[in-house]
1. Roughly how compact is region 52-123, stated as its Cα Rg over 2.2 N^0.38 Å to two decimals?
2. Any aspartates and glutamates with Cα under 15 Å of the residue 32 Cα? List them, leaving off those in the same chain fewer than 8 positions away.
3. Can you give the accessible area of residue 38 in Å² (nearest 10), computed on protein heavy atoms with a 1.4 Å probe?
4. Over region 69-205, with the other protein chains present, what is the accessible area per residue in square angstrom, probe 1.4 angstrom?
5. Based on the Kirkwood radius over alpha-carbon pairs, what is the Stokes-Einstein translational diffusion coefficient of the chain at 20 °C with 1.002 mPa s viscosity, in µm²/s?
6. Can you list the residues, at least 5 places off or on another chain, whose amide H is less than 5 Å from the amide H of residue 159, using H built in the peptide plane?
7. Within the chain, what's the longest stretch lacking trypsin sites (Lys or Arg not before Pro) that sit in DSSP loops with no more than 11 other Cβ atoms inside 10 Å?
8. Per the Cauchy relation, a quarter of the hull surface: what is the mean projected area of the convex hull of the alpha carbons in region 31-74, in nm²?
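The values are calculated or read from the model by the stated rules, or taken from the named source; none is laboratory data. Quantities reported herein were computed from a predicted structural model and do not represent experimental measurements. Don't worry about glycine lacking a Cβ; one is built from the backbone with ideal geometry, like all the others, and counts go over all protein chains shown. Note: accessible area is taken over every heavy atom of the protein model, side chains too, but ligands, DNA and RNA are not part of it. Shrake-Rupley method; radii C 1.70, N 1.55, O 1.52, S 1.80 Å.
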Amino acid sequence: MHPLFLAVPGALTTVGLIAYGAAHPRAQLFGKTICRTSSARKLAITFDDGPNPTITPRLLDLLDRYNAKATFFLIGRYVRECPDLIQETVARGHLVGNHTETHPNLFRRTQREIRIELRLCHDAISNALGSPPKWFRPPFGMRNPWVIPAARELGYGTVMWTLIPGDWQEKPVEWLIPRMQPIADHAQRGLGSGSKAEGAPTGDILCLHDGAHREMNGDRSRTLAALEYWLPRWRDLGLEFVTIEKAVSALAA
């Protein structure tokens, strides 16, 4: 039995609360996370499970075409295999973050195991870039009471999302494209209400994948195709594609 359950009552409501805190992207039960941008105009596109030599270079070229900056949450064991790709990603103006060493479900891990997973990835990125990352995303979005404190020990902010359309699933791009429609819907509503006013709506953090956690060089061509469709449309709506660091900064004047 997971040690977390040894200290809580067996009531159904408690189990439900734990499940919510562990899995819901906007839950703050186990510690503060970032789950929206500071302005309806700002869209933070994020990618998990890379680097991926098959897809990431093509993705970087696509992002360049639309002057889109993004944040890449990296798996440590892949970072060690292609540090040059990490350096290229940062050189093009993107941010990188910690996505653990091996991509386990951290809800099932002990405090010591969580620290090891984060530290190994932290060291891999630091060695590749000469400086440590500042951002962390838990694999599968899963947290327990020790995950966010372990991230804070390394100086990280923990980043979740507002939309995760499921681009890792083996389904055609025609299935994926409509699942990214909420970004456009939110932008139209948010920007229409006046994003510079006090109490203005916040914006979206989109979670996509440029890699596959089970193996390097996973096929993420459907993600590329869906972004080919959406990037010009989101741009035409007035969205600005920003890194997490800029996404959480104060509203632009």
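1. 1.23
2. 153
3. Surface accessible to solvent at residue 38 totals approximately 30 Å².
4. With the other protein chains kept in place, region 69-205 gives 44 Å² per residue.
5. It comes out at roughly 115 µm²/s.
6. For residue 159, whose amide H was placed from the backbone, the distant partners under 5 Å are 34, 136, 137.
7. That would be 33-195.
8. Details: hull surface 16.0 nm².
Dividing the Cα hull surface by four gives the mean projection, 4.0 nm².
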